[in-house]
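Here the structure is laid out as structure tokens; the discussion comes afterwards.
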Amino acid sequence: MVRPHNMLTHKQKRNLPLHLMIIPGALVILIFSYGPMMGLVMVFQKFSAGKGFFRSPFVGLENFRYVFSYPGIWQVLSNTLLISSLKIIGSIVFPVLVALLLNELSGRRFKRVVQTAIYFPHFLSWIILGGLMIDILSPSEGLINGIIGAVGGTPVYFLGDKNWFPYTMVITELWKEVGYGTIVYMAALTAIDPTLYEAAAIDGAGHWKQMRHVTLPSLMPTILLMAMLSLGAILNAGGTLSAAGSSGFEQIFNLYSPQVYETGDVLDTLVFRLGLGGTKYSVAATIGFLKSIVSGTMMVLGYWIAKKVAHYEII
């Protein structure tokens with residue numbers, strides 16, 4: 001069958017402005033995402049900033065051997081997986097619960113006030129929140145320890161105790177991001193067909209049974225999608241929102257100290273100290289390269305699980 005040439009040309013002309021709109025975003029991706037991939041050559045070099053990519057000596061797999069024999073690398077990996085896993089679980093469970101509670105609010109004005117209040121922390125950087133958390137969690141003058149002391153408890157050094165630090169990172173990130181994370185689930189709730197609730201009510205289902213048999217199953221594809229996306233960022237020490245770009249580096253870097261390195265040091269902070277602090281650029285690049293391989297593998301695994309469990313498929 002011969003395609004109508006004039007119609008195709010007209011369609012191309014009509015869509016030309018849309019294609020032109022893609023150019024700025026495509027350039028940003030090429031420059032800042034694909035351009036730096038040239039630096040992967042450092043993985044196989046003993047890179048020197050003075051010699052550059054072309055004159056730095058080739059060392060083969062020596063950087064990989066160095067990384068896997070680096071003292072404490074497995075502890076750092078364990079810290080990363082623990083913090084990431086807890087953040088991922090929390091950043092799925094709590095936004096769903098908050099979205100369900102918000103959905104039950106009847107007053108529109110009050111609902112908007114509550115939504116604005118819980119969304120607001122997301123828009124503050126960890127530079128600001130880091131100072132705020134240091135004051136709030138201070139063992140001597142902090143608000144939290146003031147409450148603990150008022151009820152007869154012993155003050156806790158949340159940011160200086162290695163046993164408390166990982167869980168402090170999880171809780172503070174959830175406080176910051178849980179409100180913003182509800183946006184996706186609120187949108188999914190509005191997309192549920194109201195006739196499903198009507199049919200459930202006719203069958204005698206009460207409020208809780210409607211939530212169990214209508215609301216939660218309808219949210220499950222979205223929950224699985226967010227979980228799938230988060231698997232690709234499991235080595236970033238962040239939650240589901242970290243899959244969209246940022247990692248837990250900014251949070252941990254602004255709140256940790258040498259006394260909590262044993263349980264609070266993650267791959268990104270290690271890369272920062274080795275690369276910029278210790279000028280071991282090749283080692284830092286190697287760790288980043290390994291992270292990319294693992295992240296890509298986890299993304300494929302997450303997609304496979306979502307397809308098998310929820311029949312989710314990108315068309």
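Can you tell me the relative contact order of the chain? Whole percent, Cα pairs under 8 Å, sequence separation 6 or more.
Taking the mean separation of contacting Cα pairs over the length of the chain, I get 25 percent.
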Next item on the list: Note down the magnitude of the dipole of the range 61-310 about its Cα centre, charges +1 on Lys and Arg C-beta and -1 on Asp and Glu C-beta and zero elsewhere, to the nearest 20 debye.
Entry: 400
Next item on the list: Would you please give the residues with an amide H less than 5 Å from that of Val59, counting only those at least 5 places away or on a separate chain, with H modeled from the backbone geometry?
Entry: Gln45, Lys46
Checklist line | the chain - mean residue ellipticity at 222 nm from DSSP helices (-39,500 (n - 2.57) per run, n ≥ 4, rounded to 500) | finding: -20500 deg cm²/dmol
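Taking a threshold of 28 Å on the Cα-Cα distance, which of the pairs Lys87/Lys291; Lys176/Lys209; Lys209/Lys308; Lys111/Lys162 fall above it?
Violating the 28 Å Cα-Cα cut-off are Lys176/Lys209; Lys111/Lys162.
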Note to self: Over the Cα atoms, compute the radius of gyration (one decimal) and Dmax (the largest Cα-Cα distance, rounded to a whole number) for the range 61-310, in Å.
What the structure shows: 21.0, 69
Next item on the list: Could you tell me which of Ile22, Asn145, Leu235 has its Cα farthest along the dipole of the chain towards the positive end, charges placed at Cβ (Lys, Arg +1; Asp, Glu -1), taken about the Cα centre?
Entry: Ile22
Notebook entry, point to check: Which of the listed residues, Ser33, Leu102, Phe249, is farthest toward the dipole's positive end in the chain, when Lys, Arg count +1 and Asp, Glu count -1 at the beta-carbon?
Noted result: Ser33
Note to self: What are the ³J(HN,Hα) couplings of the range 24-30, residue after residue, when phi is run through the Karplus curve with 6.51, -1.76, 1.60 and θ = phi - 60°? Round to Hz, x for glycine and proline.
What the structure shows: x, x, 5, 5, 4, 5, 4
Notebook entry, point to check: If each residue's Cβ is checked for other Cβ atoms within 10 Å, how do Leu105, Leu267 rank with the fewest at the top?
Noted result: Leu105, Leu267
Next item on the list: Would you mind calculating the gained length between Trp304 and Leu132 on full extension (0.36 nm times residue separation, minus the Cα-Cα distance), in nm to one decimal?
Entry: 57.8 nm
Notebook entry, point to check: So for Thr215, Thr116, Thr286, fewest C-beta neighbours within 10 Å to most, what's the order?
Noted result: Thr116, Thr215, Thr286
Check: Taking θ as phi - 60°, what are the ³J(HN,Hα) couplings along the range 276-290 by the Karplus curve (6.51, -1.76, 1.60), each to the nearest whole Hz, with x for Gly and Pro?
Finding: 8, x, x, 6, 9, 5, 5, 5, 4, 5, 5, 4, x, 5, 5
Notebook entry, point to check: In whole Å, how far is the Cα centre of the range 104-161 from that of the range 29-77?
Noted result: 40
Check: Rg(Cα) of the range 40-199 divided by 2.2 N^0.38 Å?
Finding: 1.53
Check: Can you list the HN-Hα couplings for the range 184-201, worked out from phi with the Karplus curve (6.51, -1.76, 1.60; θ = phi - 60°), rounded to whole Hz and with x for Gly and Pro?
Finding: 4, 6, 5, 5, 5, 5, 5, 8, 6, 5, x, 5, 5, 5, 5, 5, 5, 5
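Every number in this text was worked out from the coordinates using simple rules, so none of it is lab data. Just so you know, these numbers come straight off a predicted model, no measurement behind them. In this analysis, Cβ positions are derived from the backbone assuming ideal geometry, glycine residues included, and neighbour counts consider all displayed protein chains.
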